[in-house]
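The structure appears below as structure tokens.
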Amino acid sequence: MMRLRFLPLLILLCLVLASTSRVDAITAPEGGIILTNANGGIVLSWQPDAAQQALMDAGKPLPQQVIALRLLANTEPSPQIQVLETRPWAGTLPDLPVPIIAEDAGALPAPGYSPPSHPTSALSILRSGWLDEQYTVVYAINPIYLEHGTPRLITQIRAFVPAAQVLDATASSLEASPDADWSSPSSLANRASWEMSVTQAGMQSLSAATLSGVGVSIGDPSLLRVWFRGVEVPLDLRTTNGSLTELRFYAPTPGDRYNSLDRYWLTVENSAGPTIASMNATPSGTVSCKATALGRGEWRSSKSYESRLPGPDGDHFFVGQFQVTPAPSNEDTATATFTSALPWATAPTTMTVTVHGASLYLGTHTLKVTLGAQQQTASWSGTGNTAQQFAFTTSASQAVVALVPGSVSDGVHLDSVAWESPVQLRFASKGALFVGHNGQQCYSLSELPSGATFYDITVPSAPVRLSAPSSSFEVNATGGHTYLVTGPGTLHTPAIQARTPVDLATPLNAQAIYIAPKAFVSALTPLVNYRRNAGYSVAVVETQAIYDSWSGGQVNPNAIREFLRYARGTWTTKPVAVILVGDGTSDARNYLGIGQTNWIPPYLATVDLYIGETACENCFVQLNGVSPLDDLMPDLMLGRLPVKSASELTSLIQKIIAYETSEAIGSWRGQAAYITDNPDYAGDFPLIADQSIASLPTEVKASRMYYDPNAPTDQPWRVKDSYTAFQETMRTINNGALTVSFIGHGLPYQWAYTGPSSQPNAPSDIRYLLGVDFASDLRNGVRLPIVLSLTCLSGQFQVPSYRGTTIDEALVLNPYGGGIATWSSTGAGVLHGHDALQRGFMNTLWADPHGEYPLIGSLTMAGYEELFTKAYCCEDELRTYVLLGDPLTPAKIEVGLFEVMLPLVVR
């Protein structure tokens with residue numbers, strides 16, 4: 001039986017502080033930093049040791065010396081430098097981290113990206129956050145820094161940090177991380193109610209018969225209440241002789257990044273709720289009535305995703321990108337089509353066109369808009385979002401938008417094109433919206449639909465019904481108010497059904513939480529039972545129950561985070577592991593037409609310094625602060641099972657249980673395999689692998705497969721030919737290993753780009769060390785490694801594709817082999833950060849090869865702590881790394897086993 005076990009996370013220093021009257025000094029295990037506990041704080045002291053002096057004598061730069069300290073949450077963390085001795089430095093400067101993006105990608109970084117630069121102070125604060133529920137600040141002594149642009153070398157430094165302590169998870173004098181700011185589930189979630197699905201903007205209408213048909217009590221109409229995301233919506237209760245005939249409420253354009261519709265809830269209360277106000281709009285006869293007003297609309301066709309640009313609406317989807325090279329190249333154009341429910345007004349007229357877009361380029365951009373026979377241009381400079389307005393003295397149903405070539409290459413992403421033009425108030429028996437003029441105005445409306453009603457919807461949350469006896473109404477409005485005339489096109493009947501109450505306010509008191517859509521709950525049962533039999537307390541929570549409780553029924557990844565914050569703050573048994581069951585996509589609205597189901601949405605956030613937005617899985621479990629970006633460290637172990645169907649989940653669960661229960665012994669359980677790309681501008685990948693191998697216990701076997709077109713002949717593990725390297729990669733995984741670490745360049749669908757093979761009969765399309773389709777062809781059975789993809793982008797499970805899986809997903813979902821779990825990046829990242837993560841993971845994995853099997857989740861947490869406390873850069877990788885697999889799966893280590901091939905003798 002497996003018992004609950006969580007490896008202690010790596011601690012930078014182990015030190016029990018004495019009282020402030022004592023002075024204790026300890027030399028840190030790395031870098032020669034001396035820490036002294038004195039005067040109610042910590043004194044940091046450093047000067048080069050013999051090894052560091054030798055490096056300096058050779059003209060080589062010294063690395064930054066990193067130290068993490070505990071502080072009270074509200075303490076000023078700035079260090080007070082007491083002694084600083086320096087001299088000029090004439091050697092090379094330290095290397096700066098470079099994103100592991102393919103050289104030929106040709107991609108511009110996200111706006112606001114700042115290339116790494118050399119430090120300009122002797123001692124700096126790298127980062128801070130809550131670690132082990134205590135506030136932690138990470139400092140860096142910069143042996144070589146720039147002083148007014150001139151390199152200087154520190155020969156001695158001493159600094160004091162008030163009220164600081166060394167890392168000590170048991171220090172009772174420090175504040176624990178806050179739990180009190182979590183939000184409780186909505187009280188509406190656990191009450192009888194009905195859900196209405198709004199798919200079109202406009203006035204929503206439900207007849208008394210429809211309401212009664214789904215069980216709504218309408219005896220007293222005033223007790224009916226409608227809610228959207230916990231906020232009440234005013235109603236227009238239409239009655240005859242006191243009996244309800246129709247319920248109306250206004251709904252603006254539905255949908256958001258994750259939802260194509262809006263869910264409104266209807267309840268029956270004990271008291272009356274808000275109603276739509278009514279205003280007398282009978283014409284006074286003192287002003288002439290106009291038969292024209294303004295029409296507005298917007299053309300949008302989301303067909304392109306750009307992670308580096310949020311766009312004016314924040315969803316990163318665009319019509320597409322204009323791309324031009326320097327003149328005299330052709331313009332890049334798109335045609336926007338304008339539709340209006342009301343006919344255009346006759347001349348004279350003025351039509352305003354506003355183009356919304358964004359650019360990654362720094363230079364000047366020039367857009368040209370052609371409307372009919374007229375043209376207008378507008379120019380602006382810089383990156384980010386823009387709105388360019390063009391005015392024409394004509395109206396038309398189409399506009400051609402063009403990016404004009406300039407003196408340098410340019411690109412602009414087109415998001416939408418809005419228009420405003422005079423229209424005739426002639427309704428052709430349909431409903432419509434229009435915008436009025438400023439001041440006291442009377443409007444004459446013709447060809448109205450039967451039973452048309454007028455509303456002022458300028459403030460969508462507080463519409464006003466305009467009472468007028470005929471086909472005209474008069475108002476006195478400041479600014480251009482928006483008016484709605486009900487009829488076909490603006491009066492809609494939403495689907496309504498009774499919803500099942502859910503109770504997530506009552507603590508579930510479970511160590512492990514499996515969050516799954518309802519469609520997967522039944523298939524999840526074998527794994528849940530297996531975990532319970534192993535001694536875990538387990539809760540299965542449906543995604544919709546979470547959405548109902550924290551986001552008004554709307555799909556929202558932050559609702560999952562809020563649920564976890566509530567669980568940590570209120571449950572007696574605190575959760576320690578969370579497993580998201582289901583794949584997710586960045587294209588929840590299916591703009592790209594691929595059609596992948598968003599079973600559990602990724603937590604999309606701008607967390608990668610180079611590519612901008614990507615899946616931030618740890619955002620679900622970074623629980624301190626209102627936003628997950630308020631802290632750096634995850635607070636719970638987290639994994640995702642990226643399945644797309646119940647049958648795929650069943651297959652994956654069988655694979656997990658088979659791995660965990662297998663009693664088959666093999667030397668592969670004591671082996672660490674390393675596969676690397678060839679060294680280049682982004683780093684020396686083989687060197688990092690060799691350093692990791694050197695840190696392994698002697699009883700752990702290591703295997704190496706390094707792709708290197710310049711391989712020396714005396715190192716057989718360095719493979720020159722690309723196809724041979726691919727074959728060796730497949731063989732390495734098929735042979736089995738406890739861990740497989742790939743270190744190098746990557747993409748969502750492959751490890752490395754190797755170019756064509758020199759072998760005459762090698763397949764021409766295999767130009768990588770491993771591709772997504774071949775990941776599905778692996779046949780290593782239960783000899784399943786934990787795969788550390790120390791590369792960029794291979795963990796981007798959220799990328800929509802017709803293939804359906806990325807390379808890491810394919811490794812996990814392969815029912816015949818592949819990996820038991822993958823740990824990899826959804827972003828770009830740099831080698832130094834990836835190395836810190838794998839160092840914490842591997843050091844903890846092999847800390848006690850004969851001890852209890854460590855959990856994969858505890859190993860990833862150790863990697864995060866290593867990066868947080870010891871790395872001089874790359875904290876964005878704390879948010880971009882994702883575990884595909886179950887964090888409660890143990891790494892089944894067996895060392896000291898040897899396999900010998902014996903001849904079979906048959907008599």
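Which condition from (1) surrounded by fewer than 19 Cβ atoms within 10 Å (Cβ to Cβ); (2) outside the structural domain of Trp227 (by TED's automatic domain parsing) is the one that Gly479 breaks?
Checking Gly479 against (1) surrounded by fewer than 19 Cβ atoms within 10 Å (Cβ to Cβ); (2) outside the structural domain of Trp227 (by TED's automatic domain parsing), the one that fails is (2).
Which of the strands (runs of 3 or more DSSP E) found entirely inside segment 249-327 contain at least 2 residues meeting this: touching a strand residue (DSSP E or B) at 6+ places or on another chain (Cβ under 7 Å) and closer than 30 Å to Ala588 by Cα?
Details: elements: 262-268, 277-280, 292-299, 320-324.
Result: 262-268, 292-299, 320-324.
Exactly one condition in (1) closer than 19 Å to Thr806 by Cα; (2) surrounded by 24 or more Cβ atoms within 10 Å (Cβ to Cβ); (3) not assigned by TED's automatic domain parsing to the domain that holds Val528 is not met by Cys616; state its number.
Going through the list (1) closer than 19 Å to Thr806 by Cα; (2) surrounded by 24 or more Cβ atoms within 10 Å (Cβ to Cβ); (3) not assigned by TED's automatic domain parsing to the domain that holds Val528, Cys616 breaks only (3).
Among the residues of segment 640-684, which ones are in contact with a Pro (Cβ under 6 Å, 6 or more places away or on another chain) and crowded, with 24+ Cβ neighbours inside 10 Å?
Thr676
Inside segment 272-286, can you point out the residues that are modelled with pLDDT under 95 and of a type in the set (Ser, Thr, Tyr)?
Ser284, Thr286
In this structure, is Tyr264 assigned by TED's automatic domain parsing to the domain that holds Ser212, of a type in the set (Phe, Trp, Tyr) and modelled with pLDDT of 95 or more?
It is true that Tyr264 is assigned by TED's automatic domain parsing to the domain that holds Ser212, of a type in the set (Phe, Trp, Tyr) and modelled with pLDDT of 95 or more.
Of the residues that sit in segment 88-147 and are among the hydroxyl-bearing types (Ser, Thr, Tyr) and over 25 Å from the mean Cα position of the chain (by Cα), which one is surrounded by the fewest Cβ atoms within 10 Å (Cβ to Cβ)?
Ser117
Tell me, please, whether a residue that is within 12 Å of Ala512 (Cβ to Cβ), modelled with pLDDT of 95 or more and of a type in the set (A, V, I, L, M) can be found in segment 563-572.
Taking every residue of segment 563-572 in turn, at least one turns out to be within 12 Å of Ala512 (Cβ to Cβ), modelled with pLDDT of 95 or more and of a type in the set (A, V, I, L, M).
Where in segment 49-139 are the strands (runs of 3 or more DSSP E), entirely inside, with at least 1 residues that are within 30 Å of Ser824 (Cβ to Cβ) and of a type outside the set (Val, Ile, Thr)? Working first, answer last.
Values: elements: 65-71, 80-88, 123-131.
Qualifying strands (runs of 3 or more DSSP E): 65-71, 123-131.
Taking segment 555-597 on its own, how many of its residues are of a type in the set (A, V, I, L, M), closer than 24 Å to Ser651 by Cα and free of Cβ contacts under 8 Å to residues at least 60 places away in the same chain?
0
Here are Ala821, Ala828, Ala836: which of them is farther than 22 Å from Ser695 by Cβ and small (Gly, Ala, Ser)? Explain how you work it out, then say what you get.
On the way: Ala821 fails: farther than 22 Å from Ser695 by Cβ; Ala836 fails: farther than 22 Å from Ser695 by Cβ.
That would be Ala828, the only listed residue that is farther than 22 Å from Ser695 by Cβ and small (Gly, Ala, Ser).
What's the total number of residues in segment 771-789 that are free of Cβ contacts under 8 Å to residues at least 60 places away in the same chain and closer than 19 Å to Asp835 by Cα?
Looking only at that region, the number is 3.
Out of the residues in segment 37-48 that are modelled with pLDDT of 90 or more and part of a strand (DSSP E or B), state the one that is surrounded by the fewest Cβ atoms within 10 Å (Cβ to Cβ).
Applying the filter and picking the extreme gives Ser45.
Residues that are in contact with a Ser or Thr (Cβ under 7 Å, 6 or more places away or on another chain) and outside the structural domain of Arg127 (by TED's automatic domain parsing): which strands (runs of 3 or more DSSP E) entirely in segment 623-733 hold 3 or more of them?
By residue number, 671-676, 701-707.
The values are calculated or read from the model by the stated rules, or taken from the named source; none is laboratory data. Model, not experiment: these values are computed from the prediction. In this analysis, Cβ positions are derived from the backbone assuming ideal geometry, glycine residues included, and neighbour counts consider all displayed protein chains.
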